[in-house]
Amino acid sequence: MSIPYWRLSGFYFLYFAALGGFIPYWSLYLKEAGFDPIQIGELSALLVGTKIIAPNIGGWIADHTGKSIVIIRLAAFLATLIFAGFLWAHEYQDFALITIGFSFFWNAMLPQFEAVTLAHLRDAAHRYSRIRLWGSIGFIVAVLSIGAILEHYPVSWLPLIILALLCLNAVITFVTPEAKSISFDGVAHGILKIIKLPEVLAFMAVNVLLQIAHAPYYVFYTIYLKHAHYSAMVTGLLWALGVFAEIVLFMYMRNLLKFFSLRSILLLSLALATARWLMIGWGADYLWVVIVAQLFHAATFGGTHVVAMYLLHRYFGEQHQGKGQALYTSLCFGLGGVLGSLYSGYYWDLLGSQFVFSMAAACCGLAFIIAYVWVAKESSQDKALLG
């Protein structure tokens, strides 16, 4: 059976294009809607907080029904429908309820679509990066386009733009065919033993700290740059620069892994993450400092993500891979994102942006120590993981 390459790629393009409207600009929209930093932090925490449960519920239903694409279609439709409520919402309570409803279905979609993509690819798994790459391209296109639009039109247009992208994203799910997934019998035993391993616990702790550190960037970076008198277009270019650096790293990561161990890449990425947040927090008045800090996104997101995927494969194996991915998404991106959004929101005005980004740097420094002591010390396994 042929691979529906453009339909799979199209989903990633539109999904991450919508994300390109959220991450750089949604906090700016919330600020213009009259919410203070604490409320923005709380709403951002709700947006990522549903990642703690949504992927697990979606995965459980998909495992028991075998209808992944049906679940994706329903989730895409409901996410779009609920998001439309932002066009009429004014009060904080309305924003909170709509955010919870929308993000629950939105966050349930991607892990299931990843499973559908891999099921379509089967023995051609090496083509995954070529399909997933379109997500990064979609993010860049959206960030630059929306930044240009907001140069000439008010930020109140943002919900309409995101809603249009969500509609297109929902439409493409209805033309994407189902694929039979590879299933395993009797895999319920042994996963708790894996989770209790000190290296696995340390790995999770490192990634929770990493996501706590990234949260102020995702929630307040655009507001921060606006306060530093950067235009919407320059802000969009800086966001795009970070993702472009990530794409370049993804393209060459396979070659890098031939010369450097997973442990080396992880430790270097965490060291650069520590430097990045300090540079952003204390050097925003210098464009060159901000540019270099954005280039470090290749390591702080791209490098750590690739290492995480290989280590998850090592720790959980083929049979427990789905559960390991769900745990990683829920705990690290869900819990870590919630904690980071809340602390950055509460302290942004109280103690200042420099303190918030310094705390982010401290989280990455602690993550470096934990990783140095416990994570990926058996570097001899790296070659085996790479085949």
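The values are calculated or read from the model by the stated rules, or taken from the named source; none is laboratory data. Since this is a predicted model, take the numbers as computed values, not measurements. Please note: Cβ atoms are built from the backbone with ideal geometry, for glycine as well, and neighbour counts cover all protein chains shown.
A few points about this structure:
- Filtered residues of segment 54-72 (kept if surrounded by fewer than 18 Cβ atoms within 10 Å (Cβ to Cβ) and either within 22 Å of the chain's Cα centre (by Cα) or outside any helix (DSSP H, G or I) (or both)): I57, W60, G66, K67
- For segment 258-273, a tally of residues being crowded, with 21+ Cβ neighbours inside 10 Å and farther than 15 Å from G302 by Cβ returns 0.
- Qualifying residue in segment 163-177 (condition: within 24 Å of the chain's Cα centre (by Cα), surrounded by 15 or more Cβ atoms within 10 Å (Cβ to Cβ) and modelled with pLDDT under 85): no
- In the condition set (1) surrounded by 15 or more Cβ atoms within 10 Å (Cβ to Cβ); (2) touching a residue at least 40 places away in the same chain (Cβ under 8 Å); (3) aliphatic (A, V, I, L, M), I82 is compliant with all but (2).
- The one condition from (1) surrounded by fewer than 17 Cβ atoms within 10 Å (Cβ to Cβ); (2) in contact with a Ser or Thr (Cβ under 6 Å, 6 or more places away or on another chain) that V116 does not meet is (1).
- Residues within segment 216-239 that are buried (at least 21 other Cβ atoms within 10 Å of the Cβ) and either within 14 Å of A293 (Cβ to Cβ) or polar (S, T, N, Q) (or both), tallied: 9
Yes/no per residue for (1) closer than 20 Å to G334 by Cβ; (2) hydrophobic (A, V, I, L, M, F, W, C); (3) in contact (Cβ under 8 Å) with a residue 40 or more places away in the chain:
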| residue | (1), (2), (3) |
| --- | --- |
| L197 | no, yes, yes |
| L209 | yes, yes, yes |
| A213 | yes, yes, yes |
| Y217 | yes, no, yes |
| A232 | no, yes, yes |
| L238 | no, yes, yes |
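- All positions within segment 85-111 that are farther than 27 Å from K323 by Cα and either out of contact with any helix residue (DSSP H, G or I) (no Cβ under 9 Å at 6 or more places or on another chain) or buried (at least 18 other Cβ atoms within 10 Å of the Cβ) (or both): F86, H90, E91, Q93, F95, I98
- Candidates K51, K31, filtered to the one that is surrounded by 21 or more Cβ atoms within 10 Å (Cβ to Cβ) and either more than 17 Å from the chain's Cα centre (by Cα) or part of a helix (DSSP H, G or I) (or both): K51
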